[in-house]
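Since the structure comes first, as structure tokens, the remarks are kept for the end.
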């Protein structure tokens, strides 16, 4: 029954997904060293042959926890949140994923179900790869195999960071400071000096769910960080002006 409902949900979501003409990965301005798509030119060309381009509007569902993982997705642009839990029960945002991230890799490699749900925070551009085509692509390219292992290791590190933030950090200020540092590392850009900047995509309530506190406490704590000059927020961008102070909280 659950699998039938998940299948119906997947079909409904196709109404929100627009397919686009493929754009060459080699010419993509978002590519960065270490990302799965930063492969050699010949391997990258084969990856493009196995994918298509889709666009997803903001606040749309890409896949749902428990669905059969028939595709994985490379994020080319935009941001999505990965959420664990039931829609009608408690939910927790696991992390925010941006350009260069690969969604559904473990589920596809294990031929299992998606372990989280993925929902767009902004309009997003993605490259879906069907499971069988991706497995065939991996079997033909040793470089891609190694890059997939690196991506799995990165997911493990993110999961460990989540566990440590919740279980080993004693104060709300320390948990929130640690979350800001993680977001800066995952989706931010390094500015001059030791500053970082990233888009403020999460509501205070969503941030509260990630640090096990209330929305009011997050609002108050962010206000204190701004008053102390540790962060600044302007035009939906947050800048970590003094990340060392945030690190000392943990």
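Here are the numbers for the structure shown:
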item: Value at 222 nm in deg cm²/dmol, rounded to 500, when DSSP H runs of n ≥ 4 in the chain each add -39,500 (n - 2.57); result: -13000 deg cm²/dmol
item: With eigenvalues of the C-alpha gyration tensor scaled by 5 and rooted, segment 82-167, Å; result: 25, 16, 13
item: Cβ crowding within 10 Å averaged over residues, with 242-249, 191-198 ranked highest first; result: 242-249, 191-198
item: Anisotropy class of the chain from Cα gyration tensor, a/c 1.5 cut; result: prolate
item: Rounded tilt (10° steps) of 131-140 against the dominant C-alpha axis of the chain; result: 80
item: Degrees separating the helix 2-13 axis from the principal Cα axis of the chain, which is the longest one; result: 90
item: Kirkwood-based Rg to Rh ratio, segment 170-249, C-alpha trace; result: 0.92
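Coordinate-derived values only; no laboratory data. The shown structure was predicted, so the numbers you read here are calculated from the model rather than taken from an experiment. Neighbour counts run over all protein chains shown; Cβ positions are idealised from the backbone, glycine included.
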